[in-house]
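Q: I have a structure here, written as structure tokens, and I will follow up with some questions on it.
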Amino acid sequence: MSIERGKMVSAVVAAAEDRKAEDIVAIDVREVSSFADTFIVATGTSDRHVRSVADAIRSALSEISQSPLGVEGYEDGRWVLIDYGDMIVHVFQHETRMDYDLERLWSDASRIALVDTNAELADSQSPYSGVP
């Protein structure tokens, strides 16, 4: 059973924010990619921090019964790619993120508006429940 996209985005962003990831961006790539619907990009400050953010994301999605199809780059910790099929999560160190510049490469895709998941919500729904 496929889980709603908004709930996955919310879980990833909340986990990344909880681990103090920086510059979190979600990109809707459905119109420009045949292999994924969503990219989420975040930055960690060191190899240990990148792995910690990746671990938190995997744990959060595991809690909603989502397992990655694959994980790349974990040992090195400069760029961890976590493949959830329709959603691909990238956690970079700053310099590596600038080198690959995924936001520029996917600039034809639209950004998904993110809200501060650490802020108290007026209702109990996912802050991304409106994400198509």
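Q: If you scan the stretch 52-65, which residues turn out to be in contact with a helix residue (DSSP H, G or I) (Cβ under 8 Å, 6 or more places away or on another chain) and surrounded by 19 or more Cβ atoms within 10 Å (Cβ to Cβ)?
A: Residues satisfying the conditions are V53, A56, I57, A60, L61.
Q: Separate question: Looking only at the stretch 69-91, count every residue that is farther than 24 Å from E31 by Cβ, touching a Phe, Trp or Tyr at 6+ places or on another chain (Cβ under 9 Å) and open to solvent by less than 70 Å² (accessible area, probe 1.4 Å) and tell me the total.
A: 4
Q: Looking only at the stretch 92-107, which residues are surrounded by 13 or more Cβ atoms within 10 Å (Cβ to Cβ), at pLDDT below 95 and more than 23 Å from E4 (Cβ to Cβ)?
A: Result: Y100, L102, E103.
Q: For a quick check of your reading of the model, give me the residue pairs whose first member lies in the stretch 92-116 and is free of Cβ contacts under 8 Å to residues at least 60 places away in the same chain, whose second is aromatic (F, W, Y), with beta-carbon atoms closer than 6 Å and at least 6 apart or on different chains.
A: F92/W79; T96/W79
Q: Same structure, new question: Among the residues of the stretch 30-51, are any surrounded by fewer than 20 Cβ atoms within 10 Å (Cβ to Cβ), part of a strand (DSSP E or B), aliphatic (A, V, I, L, M) and without any contact (Cβ under 8 Å) to a residue 60 or more places away in the chain?
A: Taking every residue of the stretch 30-51 in turn, none turns out to be surrounded by fewer than 20 Cβ atoms within 10 Å (Cβ to Cβ), part of a strand (DSSP E or B), aliphatic (A, V, I, L, M) and without any contact (Cβ under 8 Å) to a residue 60 or more places away in the chain.
Q: Still on this structure, I have one more. Is at least one residue of the stretch 8-22 open to solvent by less than 90 Å² (accessible area, probe 1.4 Å), part of a helix (DSSP H, G or I) and free of Cβ contacts under 8 Å to residues at least 60 places away in the same chain?
A: yes
The values are calculated or read from the model by the stated rules, or taken from the named source; none is laboratory data. Note that the structure is predicted; figures quoted are calculated from it, not measured. Quick reminder, even Gly has a Cβ in these numbers, built from the backbone with ideal geometry, and neighbours come from all protein chains shown. Keep in mind that these areas ignore ligands, DNA and RNA; they rest on the heavy atoms of the full protein, side chains included. Shrake-Rupley method; radii C 1.70, N 1.55, O 1.52, S 1.80 Å.
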